[in-house]
Amino acid sequence: MREQATIRAVTSIDVARLAGVSQSAVSRAFSPDASISSRTRQKVLAAAASLGYRPNRIPAIMLSGRSYMVGVVIGGLENPFYATALERLATALRENGLQVLLMHVHDALTLDSALDQLLSYRIDAVVTSLAIGSKTVARALSQLHIPVVCFNSSLVGPWISTVNSNNHGAGAVAARRMAAHGVARPVWLAGPAKNAASRARGEGFRQGLREAGLPATALTRLQGDDTYDSGYEAITTLHRQGIRPHGIFSSNDMMACGAIDALRERMGLRCPHDVIIMGYDNIPQAAWRSYDLTSFDQHTDLMVTRAMELLDEALLAKGTPLSRTHVVDAQLIERGSTAITD
C-alpha cells in the first residue's frame, strides 16, 4: 500500500526564496510597525499569496511583546443593546488592525467575573460594554498595565477609561417630560443595584422631579433586574398593592416592554391614554407597533467611536497609564407611549 504523502507547511524560508529576499525581510513585511520598503513588502506579499503562506504570529509576539489582540468581554446578550454594542466593537477593532479575543461572562452588568480570564491571556488591551463593579477589581485591572476601556462605568483608575451615556442628564429629561405631561404619580422602574448606569438614571430622575416641584412622596420605586419578565412582574406587584401609576420611567427598554404588557393585561391600562412610559437604550423592539416606546438612544456608534479613540490614545502612550472619561449625551426618541392626548 502506498503511504500517504505528508503535506509540508509553507514556511517563511519558502517565501523568502521565491521573493528573492532574506527571511528577516519576510518577517518585517508582516509586522505593521517594522521598517521595510514598499517595493520589498509588495514582493513578499505577492510571494506569500502565491504559496498560500500564513505567518506564525507567535515569534512576533515574543519579540515585540505585543499580540495585537484585544480582549472583548461581553455578557447579557439577551438584551439587544449589548448584542449591538458587541457587533460594532468587533467591527471597529478589526478595522483598526486588531484581533478580537471574545470572553463571555454570565454577569450581564460588570467586568468583575472576567478578571481570571484576562490574567490568563497575553492581550494588548480590554474593551467591554460592561462596567467595573468594585474598587478591588479596578485596582486589579490597573495592575495588568494594559489599557481597559469600559462603557457606563462609574469606577476608573490608572490604565482604565470609560465612555458613559449621560445617564443622570437623561433621567432629569425624563422627569421634565413627566412634569410636562402633568404626571402626579410617577414610577421609577430601577435596574439592579450594582448597575451604575441605572443608579445614575434614577438619581437624575429624582432630582428632575424635585426641580419640577413634585414631592419625594409622590414617587414610587419598583425593582427590576433589566429583563422583560422583571418589568412585567414589577407592574403585577404594583397592581396587587392597589397603586395606579400615571407615568413610568424604566431603566431600560426590556423592562419597559414587560411593563407595557403587564399594564394592558393586569391593570387594563393603555399607553399613552391611561399611563405614559419611557425606556432607555432604544432597542429595535422599542419601535415595534405593539410597544411604540419612547426611549433614550445612547448612540452606540458614537460610543464605540469614542472608545476606539481612547484605546488608540492609550496604546500610543506605550506604557504610560492613562485614564479618561468621555460622556455622550443620550437622545430622547419620542414615540406613541408618551404622546399627548386630549
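The values are calculated or read from the model by the stated rules, or taken from the named source; none is laboratory data. None of the values given here were measured: they were computed from a predicted structure. FYI the Cβ positions are ideal-geometry reconstructions off the backbone, even for glycines, and counts take in every protein chain you see. Accessible surface areas use protein heavy atoms only, side chains included; no ligands, DNA or RNA. Shrake-Rupley method; radii C 1.70, N 1.55, O 1.52, S 1.80 Å.
Report, by residue number, each residue of region 290-299 that is under 15 Å from the mean Cα position of the chain (by Cα) and buried (at least 21 other Cβ atoms within 10 Å of the Cβ).
Result: GLN298, single match.
Taking region 224-275, which residues are β-branched (Val, Ile, Thr), surrounded by fewer than 18 Cβ atoms within 10 Å (Cβ to Cβ) and either in a loop (DSSP other than H, G, I, E, B) or not assigned by TED's automatic domain parsing to the domain that holds PRO192 (or both)?
The answer is ILE243, and nothing else.
Looking only at region 302-322, decide whether some residue is part of a loop (DSSP other than H, G, I, E, B), closer than 30 Å to ARG94 by Cβ and touching a strand residue (DSSP E or B) at 6+ places or on another chain (Cβ under 6 Å).
No; the residues of region 302-322 include none that is part of a loop (DSSP other than H, G, I, E, B), closer than 30 Å to ARG94 by Cβ and touching a strand residue (DSSP E or B) at 6+ places or on another chain (Cβ under 6 Å).
When you look at TYR68, is it aromatic (Phe, Trp, Tyr), under 22 Å from PRO321 (Cβ atoms) and either open to solvent by 30 Å² or more (accessible area, probe 1.4 Å) or at pLDDT 75 or above (or both), yes or no?
yes
What's the number of the only condition in (1) crowded, with 24+ Cβ neighbours inside 10 Å; (2) modelled with pLDDT of 80 or more that THR110 fails to meet?
(2)
State yes or no: is ARG139 surrounded by fewer than 21 Cβ atoms within 10 Å (Cβ to Cβ) and modelled with pLDDT under 85?
no
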